[in-house]
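Accompanying notes for the structure given below.
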Amino acid sequence: MTQRHGEGYRVIVVDDDKAMRESLTHLLSAAKWQVEALSRAEQVATRIPAFQPDAILSDVRMPGMSGLELLKDLSATHAPPVILISAHGDIPMAVSAMQDGAYSFLEKPFDPRRLLTALRHAAEQHRLTLDTQRLRAGLARLSGLDRVLLGNAPAIQNLREDVLDLSETAVPVMLLGETGTGKELVARALHDLSARSAGPFIPVNCAAIPDAFFETSMFGTTANAQADAVPGILDSADTGTLFLDEIGACPLPVQAKLLRILETREFTPLGSAVAKRADIRILSASNEKLDAAVAAGNFREDLLYRLNTVTLTLPPLRERRSDIPMLFSYFMEQYAALYEIDPPDLGTDDLAALLAHDWPGNVRELRHAAERRILAARRGRGSVVEAIRPDGDSAEVPDTLREAVAAFERQLIGQAIKTHKGRMDAVAEALGIGRRTLNEKIVKLGLKKDDLLT
């Protein structure tokens with residue numbers, strides 16, 4: 001059903017001029033908008049969660065925060081579209097406002113019909129954006145993607161969004177990540193959510209196939225007097241997805257044939273002169289970038305360009321430590337159900353140990369540690385520290401959660417200072433804290449900027 005005028009839509013009106021506020025409120029209410037009128041831009045941020053507007057209409061020049069400053073503050077959030085109005089408008093101001101994310105810029109006096117049209121279009125766009133976000137969240141839940149790619153860290157949330165986007169395409173995707181970060185899980189999710197989900201998902205570890213057998217294994221052979229035809233991996237992957245893990249270990253002769261598949265969708269079995277159609281999507285993975293292999297002549301540059309049409313980077317666990325307690329608890333619950341026991345509670349010492357460990361094996365190592373903790377709990381023994389270090393390594397673990405958090409902050413702030421080359425305003429912004437708070441933490445944690453930058 002077509003929405004008429006502003007029926008059902010909500011708008012926040014911001015203007016320090018009482019007469020203008022009342023005039024706009026009357027105009028919008030008559031057009032069936034729900035209106036909340038504010039005299040100061042500083043009030044907007046606190047009213048958005050409660051009122052849930054579909055658009056914001058603000059004057060530019062006001063005491064305190066201006067409309068342009070309000071626009072900049074809201075641009076970093078998921079706030080609704082902002083339309084600015086001004087009696088002092090000029091072209092540079094309008095251009096600046098649009099570049100900063102304003103939906104529209106109107107000069108007073110404005111045509112009421114033009115204002116209502118701009119507001120309606122802004123509100124429709126906002127509703128569409130919200131509907132899309134809800135749909136994507138629903139798709140993630142239905143697909144189980146939020147259970148496959150567990151975590152609330154921004155990097156994991158972005159990865160889930162990327163997987164949903166790319167599952168709707170057939171482009172080659174290269175997955176980059178350390179061992180244990182879940183590259184095969186991501187590849188399988190890309191397959192399961194795609195139009196090829198009814199076809200096979202064939203994972204291949206290129207490093208595990210001897211060079212002498214690679215071509216035979218991949219392309220198969222035709223029948224001859226001595227042997228029957230042997231189908232290859234490409235035959236098995238027909239109508240589905242082929243996942244080439246550790247692609248850097250692929251022999252050069254095979255690389256040339258893979259390039260042909262990507263370019264022509266055809267391959268030729270060994271011993272045959274007849275090409276076969278390759279109805280497959282190819283995904284690949286590596287635990288490091290292949291630029292060095294290309295420079296050394298061990299990997300074809302043209303193949304790399306084909307394989308990494310899109311690249312997804314999976315974050316190591318140490319870069320999303322906030323997810324570690326939740327992930328460990330999730331894995332413990334899974335293994336507790338498998339071994340039919342109640343999962344043990346996690347105390348402060350357990351959390352300290354989890355946060356202090358570097359997790360070089362990433363999520364895979366964390367999952368194995370959770371299983372060891374449950375196995376020990378079956379016998380009424382064990383601790384998280386012992387589960388993390390099953391070989392008896394007595395490496396120092398912080399005695400308290402406070403020490404573990406301090407160690408985490410020290411590492412995080414130190415890395416941010418290096419990344420932003422000592423520009424402290426940029427460091428504070430990246431960490432989401434104020435400059436004063438950052439300075440206090442640097443002193444408290446005993447960090448020295450000069451030492452970090454040498």
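Taking the Kirkwood radius as the inverse of the mean 1/r across Cα pairs, report the Rg/Rh of the chain.
1.07
Along the positive direction of the dipole of the chain (beta-carbon charges: Lys, Arg +1; Asp, Glu -1; about the Cα centre), which of Cys250, Ala212, Leu115 reaches farthest?
Of the options given, the answer is Leu115.
Which value, in debye to the nearest 20, describes the size of the charge dipole of the stretch 153-313 about its Cα centre when Lys and Arg Cβ atoms bear +1, Asp and Glu Cβ atoms bear -1, and nothing else is charged?
260 debye
Magnitude of the Cβ-charge dipole of the chain, K/R +1 and D/E -1, about the Cα centre, nearest 20 debye?
720 debye
Among Gly382, Leu338, Ala353, which residue has its Cα positioned farthest towards the positive end of the charge dipole of the stretch 328-395, with +1 placed on the Cβ of Lys and Arg, -1 on the Cβ of Asp and Glu, and the dipole taken about the Cα centre?
Of the listed residues, the answer is Leu338.
FYI, it's all coordinate maths here, none of it is from the lab. Quick caveat, the model's predicted, so the values are computed rather than measured. Because the Cβ atoms are built from the backbone with ideal geometry, glycine has one as well, and the counts that use them run over all protein chains shown.
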